[in-house]
Amino acid sequence: MAITRTQRPTREWFLLFLALALVGVICIPLWQWSGRTGESFLGSLTPERLGRLLLGPEQIACYCCFVWASFILLNRYLEVKRQRRAFKLDLLPTEEGVRILPEDGRPLLRKVEDVTNRRGPFILANMIRLALGKYAVSRSSQDVSETIQTQAEVDLGRFVSTMATVTYLAWALPALGFLGTVRGLSGALSMAGQIDDAAFIETVSKHLTVAFDCTLVALVLSLVMMFWLHRVQRDEESLVIDCRQYCLENLVNRLYDLEPIGEEAVAPAPRLAMSGRTS
């Protein structure tokens, strides 16, 4: 799990910086060689121009959608960080050679419930609780593994379904930009034949500026929102996968199936010592 939670994100950021450095080394000299360094886009942005670019009915609607979705994603990101603390709560034994017998299921279950009552609900604790309850009844590691898999699928489905509002807002951003584009184009075309040619060119230019500005702002916000959305979705999916892997390593692989062979049952392996591990 260490690879999933720490090394992989660090590696991705390193690859991002490497890509930026490579593109900068290639593109900046070419840009200087082409003679376009004298072009200044920011120099033409007067306060009036910035006002038309960033403020308008469609732009304000885009800001509302973006901020709303950002608050939802921030809350979900913080919740994922909280859920990851469950891996440090020592919910299951991690010592080498320890086996969990069916009679150990109830004490471990009480320990998990006590942690949940004190620290709040955890996906990992709920997965362990269901698995231990199943083991106490069926005494089959195969049934426990199927229970963990089923619960992982349920948790993943819940994450997807509760992301519907953010998904809609991410889709609404470019739609609002195109709405502004249509409004600007329709305003430009409505001026045809109503004014003289000189005034027509100036009026059409203003309407086209509105159209393209709305699209520009909406697409920029959409790019940021989609990155943020996929980042949180990836973290949530990784959380469920790590919870399942934790249960497989520390629960399923340690379960002891009491299966008789002939007249004698298999001698049980050293069982889990529950004394001193109830906190």
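The values are calculated or read from the model by the stated rules, or taken from the named source; none is laboratory data. Note that the structure is a prediction, hence the values are computed from the model and not measured. Glycine gets a Cβ as well: all are built from the backbone with ideal geometry, and neighbour counts include every protein chain shown. Surface accessibility is based on the protein's heavy atoms, side chains included, excluding ligands, DNA and RNA. Shrake-Rupley method; radii C 1.70, N 1.55, O 1.52, S 1.80 Å.
Among 81, 134, 111, the order of accessible area from largest down is 81, 134, 111, computed with a 1.4 Å probe on protein heavy atoms. A full extension of the chain between residue 119 and residue 241 corresponds to an added length of 41.8 nm, given 0.36 nm per residue minus the alpha carbon distance. Cα centroids of region 49-80 and region 121-192: 20 Å apart. Take each peptide in 166-176, 89-99, count the other Cβ atoms within 10 Å of every residue, and average; sorted highest first, the result is 166-176, 89-99. Modelled this way, with points 7 Å down the Cα-to-C-beta line, the labels at residue 55 and residue 90 are 5.9 nm from one another. Spacing of the modelled spin labels on residue 71 and residue 33, each 7 Å from Cα toward Cβ, amounts to 5.1 nm. Note on residue 12: accessible area is roughly 80 Å² with a 1.4 Å probe, heavy atoms of protein only.
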